[in-house]
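The values are calculated or read from the model by the stated rules, or taken from the named source; none is laboratory data. Quantities reported herein were computed from a predicted structural model and do not represent experimental measurements. No Cβ is skipped: glycine too gets one built from the backbone with ideal geometry, and neighbour counts run over all protein chains shown. Each accessible area value is taken on the protein alone, full model and side chains, heavy atoms only, with ligands, DNA and RNA left out. Shrake-Rupley method; radii C 1.70, N 1.55, O 1.52, S 1.80 Å.
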Amino acid sequence: SKQKCFKPWSYIPNGIMPIFWRVVYWTSQFLTWILLPFMQSYARSGGFSITGKIKTALIENAIYYGTYLLIFGAFLIYVAVNPNFNLQWNQLQTIGIAAANTWGLFLLVLLLGYGLVEIPRSHWNGAKRGYLLMKTYFKAAKLMTEKADAEENLEDIMEEVRKVSESIKYNHPLRKCVDTILKKCPTEYQERMGRNMDDYEDFDERQNSYPSEKSLVKLHKQVIYSVQRHRRTQVQWQILLEQAFYLEDVAKNETSATRQFVHTFHSQEAENKIIQYFYTPTVEWYWECLLRPWFYRVLAVVLAMFSVIVVWSECTFFSTKPVLSLFAVFIQLAEKTYNYIYIEMACFLTIFFLSICVYSTVFRIRVFNYYYLASHHQTDAYSLLFSGMLFCRLTPPLCLNFLGLTHMDVTISHINTQPTAYTSIMGSMKVLSFIADGFYIYYPMLVVILCIATYFSLGTRCLNLLGFQQFMGDSEMTSDLIDEGKELIRREKRKRQRQEEGENRRREWKERYGNRDDSTRNRVVHTDQKESSFSETNTNRPLSKYTRSNGRTERDRIELLQDAEPLDFNADSLNDDPLELDSGRYQPGGRYLSMSRSKVFDDV
C-alpha cells in the first residue's frame, strides 16, 4: 500500500527559496568579482587618507576589471555580428553563470581531491605516538627561520623610518605622513626615535633632499606588512612552544604509574573552575594517553569511508540507469517512503562533509607570505579577503556538484521532475550543451587522480625538490630540521624553567623577609625626604627638565641610597640638553640614580 505524504513542519512554501537563492547567489558573485578585490587593494594600500587608498585601489584593479570587460565586450560583438546567434538577456545571464560555475568547479575538484585524503590521514597520523611531537619540532625549526627573517626585515624597515623621521622636521609639509608611519611602528621603536628628535631645527629645501609622498606611501605599506608579520611570528612561536611542551608532557605521562597527568609548566591563563572540577589530572591522563588515540583512529576510519563514498559517487553520478551514485540511492529510497527528516539529514551530512573537505583545504593553502591564514587572530586583512573570495566562488559550484551527486539536477538526471530552487535560478544549460553535458559531468572524475596524487604525497615531494621544506618521514632534510627544532624547544624549556625558579626564589624571599624590607624602605624614604627638603632650600635653579631614570629597580635605588655618601653638586655645570643625559639621569633630591657616565663626577 502506498503511504501518504504528510506536510512536514519545516516545509517552506513555493516562491520563497528561489528568492532566497537569487539574493544569496548574486550577492556572493558581486562580492567575489567586484567588491572584495577592491577591498583587497584598499587594505594593502599605503595611502595616508581614504581618498588616496581608494585611488590606489582603483588603479590596481583597472587591469583586473578591464580584462573581464574586454572579454565580455568581444563576446558581445561576436554575437551581434554573427547572424546564427540570437541571444536574449536571459541566455546571456545563463552564459555568465555557466562561466562562473565552470571556474568554481575547476577549483572545487582540486581542493576536494586533497581534502578527501588528507583529512582522514591527518587524524590517523594524529593517533600515532610521537608523530605530532616530531611534526611540532619540524614546525619549530621552520618557524624560527621565518621569525628571524621577520625580525631582520623589521629592523631594516625601522632603520629607513628613522632616517626619514630625522630628515623631515616638525614644520615640513610631509611631517603628518611621517607621524602616521611612526604610529604604526612598535612602541620600543617609537620611543627610540622620539628620543633622538630635534624638533627645534627647521628644514631647508635647498640643503637637504627630502623623500617624496610616493616614497612615503611605499614605506608606509612596508611598515604595515613588516610589523604585522613580526607580530604574527612572535605569537605563533609562543603558541608553538606551548604545544611542544604539552606534547612532551604527554609523551612523559604515557609511562606514568600513578595515572595522573603532570604538567611541566602551569598554564598562564586562568582556567574555568567547572573545567577544573570535571577535567581532573586523572581524567586528563585517561583521555590524552589512552582514549584519544583510539578515538582518532575510529574517526579516521569513518572519514575514510565517507571519502570512498564521495569518490565513487563523483565517478558514477552520470549513470541514471542503473543508479550507481550512493548518495542518489539513499535519497531515492527516502523519497519512496516520504521520509522527509531522513532526506534532510542525508543532505545535511553530505553537504557538511563536502564543505569540510573543500574549506579545510583553503585554510591549509599558503602562497609564500602573499596568502596565509594564521590561527589566533594573526591573519592579515589581505589574506582574509582572499579567503572570502574563495568561499564565495566555491559555494555555488559546491551546491551544483551536490545536486549532481544526488540526481536532483534535471540536466544530469534527465528526469522530468520539478526542478529545485537553485536549478531554477541557474537557467537552462541547453545554451551551452558542451558544458552541461560534458564538463559538468566528466570533469569531477579527475578527483580520483588527485586523490591518488595526494595519497602518495606527490605535491609534497615536488615542493621538497624545489627547495620548500615539507614534513616527510623518509627525507634527510626533515630529520635535520626535527633535530634542530628539538634543540630549540629544549633551549626554550630551560629558559622557562630558569624564569620560574627565579620567580619562586623571589616569592620565597619576599614571604620570608617582606616585613624587614618594608621597614628598611620606609626608613630610607624618610631619610630621602629630609635630604630632599634640605636640597630644595639651597637650590634656586629649577630642575624640572631632568627626569628620573627608569632603568633601575627599586632594590637598586635602595642600595644606592644606603651605600652612597652625600655628594655636593653644582647645577650650573650640568648639560642643558636632556638627550645627552640619557643614561645618567638627575634626581632633584641631590642623588644620582645612575653613574654610568664619567661626566657625572667632574664637579665632585
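The table that follows gives values for the structure above.
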read-out: By accessible area with a 1.4 Å probe, ligands and nucleic acids excluded, highest first: order of Y170, Y359, Y443; value: Y170, Y359, Y443
read-out: Per residue, in Å², the accessible surface of segment 144-187 once ligands and nucleic acids are set aside, probe 1.4 Å; value: 52
read-out: Volume of the Cα convex hull of segment 1-79, divided per residue and given in Å³; value: 204
read-out: Whole-number accessible area per residue in Å² for segment 295-421, which is evaluated in the context of all protein chains at 1.4 Å; value: 51
read-out: Sequence of E118, E500 from largest to smallest accessible area, 1.4 Å probe; value: E500, E118
read-out: Carbon and sulfur %, accessible surface of segment 1-51 computed with the full protein complex present, 1.4 Å; value: 71
read-out: Percent accessible area from carbon and sulfur atoms, segment 204-261, protein chains only, probe 1.4 Å; value: 49
read-out: Accessible surface of W509 - all protein chains present, 1.4 Å probe, nearest 10 Å²; value: 120
read-out: Compactness relative to 2.2 N^0.38 Å, alpha carbon Rg of segment 270-426; value: 1.39
read-out: Area of C185 that stays accessible when all protein chains are in place (1.4 Å probe, Å², to 10); value: 10
read-out: FRET efficiency for Y279 and E501, using Cβ-Cβ distance with R0 set to 35 Å, rounded to 0.05; value: 0.80
read-out: Members of K147/K221; K147/K495; K55/K139 lying beyond 30 Å, as alpha-carbon distances in this model show; value: K55/K139
read-out: Peptides 100-109, 50-59 ordered by average Cβ neighbours within 10 Å, highest first; value: 100-109, 50-59
read-out: Area of K135 that stays accessible when all protein chains are in place (1.4 Å probe, Å², to 10); value: 70
read-out: Inter-part distance where segment 325-401 and segment 113-149 are each reduced to a Cα centre, Å; value: 23
read-out: Paired Rg and Dmax values of segment 117-166, which use every Cα atom, in angstrom; value: 19.2, 58
read-out: Residue-normalised accessible area of segment 1-69, given per residue in Å² at a 1.4 Å probe; value: 72
read-out: Extension gain from A74 to K55, taking 0.36 nm per residue of separation minus the Cα-Cα distance; value: 4.1 nm
